[in-house]
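Here is the structure we will look at.
Values quoted throughout were computed directly from the atomic coordinates according to the rules given, and no laboratory measurement underlies them. As the structure is a computational prediction, the values presented were derived from the model and not from experiment. Every residue, glycine among them, receives a Cβ derived from its backbone with ideal geometry; neighbour counts consider all protein chains shown.
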Amino acid sequence: MLKINQDGLNDLWPVRSNDSHKGSYGRILIVAGNDQYGGAGILSSSAAVYAGGGLVTLATDKSNFTAVRSTLAEVMLLDFLDFDALKAALKNQREW
């Protein structure tokens, strides 16, 4: 049996630089959650943030914006029906 302790876990995550920002640690674009099922977007965005993802953007239905903002202020939001904004976000992800 493999025993996992705090020392072993600390070696897995690099120390973040004092002059870095969330954009220094990657960009994640999540497309999830319609007007009836917003939980998928919230859960996946939360996982991305807490796993150390840098700049997290959730493209979802506008009806989910309030719920996301009240629980995950660090996640940027995008209306997934705004195709021009979604196309720009996808292009931005590829260029990073």
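With both labels modelled 7 Å from their Cα along Cα-to-Cβ, the K91 to D11 distance reads 4.5 nm. Pairs of lysine residues in the chain that meet both criteria, 8 or more places apart or on different chains and Cα atoms under 23 Å apart, total 4.
Taking the number of other C-beta atoms within 10 Å as the exposure measure, put D84, D79 in order starting with the fewest.
The order, fewest Cβ neighbours first, is D84, D79.
Distances between placed amide hydrogens fall under 5 Å for L55 paired with Y25, G26, R27, I28, all partners being 5 or more residues away or on another chain. Taking all Cα pairs closer than 8 Å and separated by 6 or more residues, the relative contact order of region 21-95 comes to 31 percent. Helical content of the chain, expressed as a calculated mean residue ellipticity at 222 nm, amounts to -11000 deg cm²/dmol (DSSP H runs of 4 or more residues, -39,500 (n - 2.57) each, divided by residue number, nearest 500).
Between Y37 and T71, 0.36 nm times their residue separation minus their Cα-Cα distance comes to what?
Values: separation 34, 0.36 × 34 = 12.24 nm, distance 1.60 nm.
Going from the current span to full extension adds 10.6 nm.
Taken one residue at a time, the phi angles of region 66-83 give Karplus couplings (6.51, -1.76, 1.60, θ = phi - 60°) of 4, 5, 5, 4, 6, 10, 9, 4, 7, 8, 7, 10, 9, 6, 6, 8, 8, 5 Hz. Gly and Pro are set to x.
Each of R16, R94, R27 was scored by other Cβ atoms within 10 Å of its Cβ. Arranged with the fewest first, they read R94, R16, R27.
Find which of T71, G8, L55 sits farthest along the positive direction of the dipole of region 1-89, computed with +1 on the beta-carbon of Lys and Arg, -1 on that of Asp and Glu, about the Cα centre. Working it through, the farthest residue towards the positive pole turns out to be G8.
At the listed q of 0.15, 0.16, 0.20, 0.21 Å⁻¹, the Debye profile of the chain, built from one uniform point per Cα, gives log10 I(q)/I(0) equal to -0.66, -0.72, -0.96, -1.02. With a cut-off of 11 Å between beta carbons, the residues surrounding K22 carry a summed charge of +1, where Lys and Arg count +1 and Asp and Glu -1. Local charge for F80 was computed over the other residues whose Cβ lies under 14 Å away, with Lys and Arg +1 and Asp and Glu -1, and equals -3.
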